[in-house]
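Colleague: Structure provided below as structure tokens; questions to follow.
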Amino acid sequence: MQDALLRSAMHIRSALVVTDNAVAVYQDRLHALTRPGQVPVFYDLERITSSAADLRVAQAESRTALQAIGHVIEARTASDTPDRAAPAVRLTQAAVARSGHAPRALGQAPDQPAPSAAVGPSGARLRPGR
């Protein structure tokens, strides 16, 4: 695998599978130790406490792995963006596009209309009357 982000996501996914299995095991253990109608004996109290702590740790690890995958996805999206212009340039381009105005050429008077963008292949334009 050549893609470092994909390799990272797959590694995180493997860790997530392990922690999800651990969560299931600790939940089953707690349910078995605390099933309704059963009064735990004194030596079960340590096992219950330990399993509850292990469950909380496994759940936290799962949440962390999910967040890590989210960050990898964000990094992938950012790296795949075709326009890698600086944020200020992108904001300027977006503002110009929203306003519907093309930027004026240097030295162009404010009352002169901005030149229209060429549509189609570039080349000599035909002028009316010629």
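The values are calculated or read from the model by the stated rules, or taken from the named source; none is laboratory data. All values derive from a computational prediction rather than experimental measurement. Cβ coordinates were reconstructed from backbone atoms using ideal geometry, including for glycine residues, and neighbour counts include every protein chain displayed. Accessible surface is based on the protein model in full, side chains and every heavy atom, while ligands, DNA and RNA are left aside. Shrake-Rupley method; radii C 1.70, N 1.55, O 1.52, S 1.80 Å.
Colleague: Which net charge results for the neighbourhood of ALA9, defined as the other residues with beta-carbon distances under 10 angstrom from its beta-carbon, given Lys and Arg at +1 and Asp and Glu at -1?
Modeller: Numbers: positive: ARG7, ARG13, ARG76; negative: ASP3.
Within the 10 Å Cβ shell, the charges total +2.
Colleague: When the chain is fully extended, how far beyond the present Cα-Cα distance does ASP80 get from VAL57, taking 0.36 nm per residue of separation?
Modeller: 4.8 nm
Colleague: Express in Å², to the nearest 10, the accessible area of VAL25 obtained by rolling a 1.4 Å probe over the protein heavy atoms while all chains stay in place.
Modeller: In the full protein context, VAL25 sits at about 80 Å².
Colleague: By how many nm would the segment from ALA15 to LEU33 lengthen if fully extended, with 0.36 nm per residue of separation less the alpha-carbon distance? Provide the component values of the computation, followed by the final result.
Modeller: Working: separation 18, 0.36 × 18 = 6.48 nm, distance 2.70 nm.
The span from ALA15 to LEU33 would gain 3.8 nm if fully extended.
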